[in-house]
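The block underneath contains the structure these notes are about, expressed in structure tokens.
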């Protein structure tokens, strides 16, 4: 099974992530309700086994918790994928959420890059700052070493826009990390 376990402790956050790319238990507790909802949706729709426990400095705000979870989850994906041999590598998905439509394209390339294009009409969703979606995705892409493009096509509700993006991200990642039929590295270079 393609799995990983990462712990990261700083003065701002203490995080434990257990990941299985091929499914398993889902248990998320970051202390930020809406963020837990998004990570649950990501794991469920991606078909990933995911356990996250985070103790963060929420008396400041949610920034360090959300960004650092992106760092650790990205590292967990990188570790679980190993040399990336046999994965499909590329994938994309459009996901609607009521009036909102989100798009994600991913290349599990070994090169980190983020293109993020979304505007959030409401600054906050519960105790979650809408702008943290971009920070999470940047931290994830950088540490998973993937190229990630996310775009909100349209939407009026920040909750729906964010959820469409996380679910599009889930479906794209699910497809990109699937094993291909040949078991070969999908690259003309022979390595990723």
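Every number here is computed from the coordinates shown, using simple stated rules; none is lab data. Model, not experiment: these values are computed from the prediction. Cβ placement follows ideal geometry from the backbone for every residue including glycine, while neighbour counts extend to all protein chains displayed.
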Working only within the stretch 153-180, note down all residues that are more than 16 Å from the chain's Cα centre (by Cα) and over 24 Å from residue 49 (Cβ atoms). 153, 154, 155, 156, 157, 158, 159, 160
Is there a residue in the stretch 111-132 that is in contact (Cβ under 8 Å) with a residue 60 or more places away in the chain, touching a strand residue (DSSP E or B) at 6+ places or on another chain (Cβ under 9 Å) and over 20 Å from residue 48 (Cα atoms)? no
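Is there a residue being touching a strand residue (DSSP E or B) at 6+ places or on another chain (Cβ under 9 Å) and more than 24 Å from residue 22 (Cβ to Cβ) anywhere in the stretch 79-97?
Yes, there is a match, as at least one residue in the stretch 79-97 is touching a strand residue (DSSP E or B) at 6+ places or on another chain (Cβ under 9 Å) and more than 24 Å from residue 22 (Cβ to Cβ).
Only one of these is closer than 14 Å to residue 86 by Cα, touching a residue at least 40 places away in the same chain (Cβ under 8 Å) and outside any strand (DSSP E or B): 183, 190. Name it. Reasoning before the result, please.
Details: 190 fails: touching a residue at least 40 places away in the same chain (Cβ under 8 Å).
Among 183, 190, only 183 is closer than 14 Å to residue 86 by Cα, touching a residue at least 40 places away in the same chain (Cβ under 8 Å) and outside any strand (DSSP E or B).
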I'd like to verify a number: residues in the stretch 19-48 that are more than 14 Å from the chain's Cα centre (by Cα), free of Cβ contacts under 8 Å to residues at least 60 places away in the same chain and surrounded by fewer than 22 Cβ atoms within 10 Å (Cβ to Cβ), how many? 8
